Amino acid sequence: MNTKMLFNLSYGLYIISAMDKERPTGCTANSLVQITADPMKVALSMNRDNYTNKCIRESGKYGVVVLAQDSDPSLIGGFGFRSGKDANKFDGLEYEVHSDVPVIKAGIGYMVFKVVDSMEVDTHTIFIGELIDAEEYAPATPMTYSYYHNVIKGKSPKNAPTYVKEEPEEEKKDKDVWVCTVCGYEYDGDVPFEDLPDTYKCPICNQPKSVFKKK
């Protein structure tokens, strides 16, 4: 069975946010789909191990920021490859609070949903949200899951609903391959990795050069 066929399904890429009591938190997600128009409702799938899942349950609301193709890729890694339980993912980012939900000032715009129902499916919770607030920041081309994988060369965390274990690729013979141990990003630039400045950071998860290991 070729499970990579699942990569052909269409998804967007979003920053999901919620309040952790008095503190903002969130995560990266791609499994979000509109299910009705009147009233406007969406279904969001989120792993139960994800700390944001707990915060959505407790607050009863969640925000969605739609990322654009030119959005900073480090937003994806910063919200997707570390837990909001241990890190303040909003630290250093500009954000606003709408309808009691924090949303970062990035991407195309934001939406806020009130949880009206939920269901448990294996490892994930599907939150049914009704739209209560929305605004566009600036028109742009939305980032898709396919664009993230094929152009940005990003990886999916193991708790993502669309995670599929990929077969290891044949190692490149012409140069060393350095891999970020946090998010799996592989550096393939023209400048040898050893010659990159110490200030270099992973473009996906914003982690320092020191976390990279030779493949």
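Cβ crowding within 10 Å ranks 124, 98 as 98, 124, fewest other Cβ atoms first.
The calculated 222 nm mean residue ellipticity attributable to helices in the chain amounts to -3000 deg cm²/dmol, summing -39500 (n - 2.57) over DSSP H runs of n ≥ 4 and dividing by all residues.
Each Lys and Arg Cβ is given +1 and each Asp and Glu Cβ -1; about its Cα centre, the chain then shows a dipole of about 520 debye. Ordered by the number of other Cβ atoms lying within 10 Å of each residue's own Cβ, fewest first, 7, 113 fall into the sequence 7, 113. Of all the options 36, 52, 144, the one that moves most in a Gaussian network model of the chain with Cα springs shorter than 10 angstrom is 36. Each of 65, 177, 121 was scored by other Cβ atoms within 10 Å of its Cβ. Listed from fewest to most, they are 121, 177, 65. A compact globular protein would have a Cα radius of gyration near 2.2 N^0.38 Å; the ratio found for the chain is 1.05. The GNM of the chain, with springs linking C-alpha atoms under 10 angstrom apart, assigns the highest mean-square fluctuation among 82, 23, 48 to 23. Would you mind telling me which residue in 88, 50, 150 has the biggest mean-square fluctuation in a Gaussian network model of the chain, where springs connect alpha carbons within a distance under 10 angstrom? So, out of 88, 50, 150, the one fluctuating most is 150.
Read-outs: derived from the displayed coordinates by stated rules, not from any lab. On a predicted model such as this, the values are computed, not experimentally measured, just so you know. Using ideal geometry, Cβ is built from the backbone for each residue, glycine included, and neighbour counts are taken over all protein chains shown.
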